[in-house]
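The values are calculated or read from the model by the stated rules, or taken from the named source; none is laboratory data. Note that the structure is predicted; figures quoted are calculated from it, not measured. All Cβ positions, glycine included, derive from the backbone under ideal geometry; neighbour counts span all protein chains shown. The area values use the complete protein model at the heavy-atom level, side chains included, leaving out ligands, DNA and RNA. Shrake-Rupley method; radii C 1.70, N 1.55, O 1.52, S 1.80 Å.
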Amino acid sequence: VVMNRLANAVLAVGASPGMTFEKEEVKDMVSVSSSLVVNFGTLSPVQVAASREAVQAANQLAKPVVFDPVGAGATPYRTKECRGMLQDNTRIDIVKGNMGEIGVLANDPRAEVRGVDSVGGGLQDPHKVVLDLAALHKNVIVMTGRHDLVADHKGRLVSVQNGHPYMSQCTGMGCMAGSLIAAFAAIEADHVVASLGGLLTLEIAAEMAAERPEVHGPASFQVALFDHIHLLTEDDILRRARISCIK
């Protein structure tokens, strides 16, 4: 659905995207990549098989893996396959999802997903959910929402309060965050830092795009967003980042 947008977001930060659904070529694609994103946006048995091959190849080559469990909880099949990615004898370095998706992976009874959107009243204790899930899988968990949470198995927990309401009115914003996180993970070994880099890049660019005088709604916002991802500077991030180190 949003493959073109993800590729353009990755290009805008100076990285080079490559995408495939085919099991026959994923090992070769991984071998020339610096990181891997597994995105379950349009799910099929072919994609699941290719994704497992890709993760195994990335693990063998010690390349970081980002998993986006798009729509986990929306259907029994999607939920089973998303949970299965974390139960295989493979390493997923970063899991990025919205509150509903992460809650479903954590078996939280309050988690609710409709389509690919998190709905309902939210989790009772989001901090505990992300910390427990990170500890269970010994990785980094990124839960996006009004305030994003980034947790790792060492007990670190960081909140990000950037972004703009227009983001929730455009498809693919969460998927773009996952792709940008992978771009940062390709060059940053600390996956909490890489996750923050991807989130802040997207969300600060979104704030700046929404401030443009020619932006009047979600359609014009999306055009300006890619401009500001491309134009974003270190100074923009230092001035505008709103993060809190909770633990």
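List of remarks:
- If you plug the beta carbon distance of residue 187 and residue 42 into 1/(1 + (r/R0)^6) with R0 = 45 Å, you get a FRET efficiency near 0.95.
- Cα centroid separation, the range 181-247 to the range 81-108 (Å): 24 Å
- For residue 189, neighbours were defined as the other residues whose beta-carbon sits under 15 Å from its Cβ, and their charges (Lys and Arg +1, Asp and Glu -1) total 0.
- By the Cα gyration tensor, the range 176-227 has an equivalent ellipsoid whose semi-axes, rounded to whole angstrom, run 26, 9, 7 from largest to smallest.
- With contacts taken as Cα pairs under 8 Å and at least 6 residues apart, the range 32-180 reaches a relative contact order of 18 percent.
- For residue 67, residues with placed amide H under 5 Å, excluding near neighbours: 38, 94, 95, 96
- The range 82-204: radius of gyration and largest Cα-Cα distance (Dmax), Å: 13.4, 39
- The range 156-247: projected area of the alpha-carbon convex hull, averaged over directions, in nm²: 5.9 nm²
- Measuring nothing but protein heavy atoms, the accessible surface of the chain at 1.4 Å probe radius is 53 percent carbon and sulfur.
- Once all protein chains are placed together, residue 32 keeps about 120 Å² accessible to a 1.4 angstrom probe.
- In this structure, residue 235 and residue 169 have a Cβ-Cβ separation that, at R0 = 25 Å, corresponds to a calculated FRET efficiency of about 0.30.
- Bridge type composition, the chain - antiparallel percent by DSSP, nearest 5: 55 percent
- Relative contact order (percent, whole number), the range 1-57, Cα cutoff 8 Å, 6+ residue spacing: 38 percent
- Per the Cα gyration tensor, the chain maps to an equivalent ellipsoid with semi-axes of 25, 21, 18 Å, ordered largest to smallest.
- Estimated at 0.36 nm per residue, the fully extended path between residue 7 and residue 110 surpasses their Cα-Cα distance by 33.7 nm.
- Measuring between alpha carbons in the structure, the pairs from 63/247; 63/128; 27/63; 96/154; 154/247; 128/154 lying more than 20 angstrom apart are 63/247; 63/128.
- Here the gap between residue 244 and residue 31, fully extended at 0.36 nm per residue and compared with their Cα-Cα distance, gives a gain of 73.0 nm.
- Kirkwood Rh and Cα Rg combined as Rg/Rh, the range 31-93: 0.96
- By definition, a body whose alpha carbon gyration tensor gives a ≥ b ≥ c is oblate when a/c is 1.5 or more and a/b is not larger than b/c, and the range 9-59 fits this oblate description.
- Rg over Rh for the range 1-119 works out to 0.96, both radii taken from alpha-carbon positions and Rh defined as the Kirkwood radius.
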